[in-house]
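Data first, discussion second: the structure below is written as structure tokens.
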Amino acid sequence: MSYFSQTYYDLKDTLIVAEMQLLKRLAFDVHVTLPYGTLVNYMRVLNLLEDTNACQMAWGYLNDALQTPVYAVYPVPVIVCAAILLVIRHSQLPLPSEPPKAGTAITDNGNTEAAALPTPFSSWWLLFDASYEDMWLVAGIIMRLYRPRTPEESVRPTRLLTKKEVRKWLDEHKE
């Protein structure tokens, strides 16, 4: 397709209209909070920051989650906790199973200092205001990216669909 062809300009105009409709539906609220800083903080709290493999795996899970709608549905702490959960389960990393003594906390260098943790480490996700159910749902959504695809699922559209074709498909696949 040539840059100067009428088809190019028609597709460009269609894309601009679609983008405007999308922005209108989102009420122009396109602020995004990225989870990477949160991941580093959570890994530090759980004493997993020294394990570079675990950090890389969690970072990768967060990148892979960008292919799913979880960032639009769940808050960042839940998504980060799901990534940490996947790393812990796949790497079989141990987490502290009991909280530090009341009035102490573990620092970066392994020493303890005065501070109170509100919940035990056996429910570590509660430290980060993530619910158990949501964390597992997000983990499941991320893991669906790694499952083998059926031949029907692996077929990609070979042409652009019209609005009428999309509506027809939606009508045929109503639940």
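Selection within the stretch 48-75: residues that are of a type in the set (D, E, K, R) and either at pLDDT below 95 or part of a loop (DSSP other than H, G, I, E, B) (or both). The member of this set that is surrounded by the fewest Cβ atoms within 10 Å (Cβ to Cβ) is E50. Taken together, the residues in the stretch 1-47 that are part of a helix (DSSP H, G or I) and of a type in the set (S, T, Y) amount to 7. Just to be sure, is V45 touching a Phe, Trp or Tyr at 6+ places or on another chain (Cβ under 9 Å), at pLDDT 90 or above and either farther than 29 Å from Y146 by Cα or surrounded by 13 or more Cβ atoms within 10 Å (Cβ to Cβ) (or both)? Judged against the criteria, V45 is a match. Among residues that are more than 20 Å from the chain's Cα centre (by Cα) and open to solvent by 80 Å² or more (accessible area, probe 1.4 Å), L22 is included.
With respect to being β-branched (V, I, T), at pLDDT 95 or above and surrounded by 13 or more Cβ atoms within 10 Å (Cβ to Cβ), I141 fits the description. Scan the stretch 112-124 and give yes if some residue there is polar (S, T, N, Q), modelled with pLDDT of 85 or more and not in a helix (DSSP H, G or I), otherwise no. No, the stretch 112-124 contains no residue that is polar (S, T, N, Q), modelled with pLDDT of 85 or more and not in a helix (DSSP H, G or I).
The values are calculated or read from the model by the stated rules, or taken from the named source; none is laboratory data. None of the values given here were measured: they were computed from a predicted structure. Note that we place each Cβ from the backbone using ideal geometry, even for glycine, and neighbour counts take in every protein chain shown. All accessible areas refer to the heavy atoms of the entire protein, side chains included, with ligands and DNA or RNA removed. Shrake-Rupley method; radii C 1.70, N 1.55, O 1.52, S 1.80 Å.
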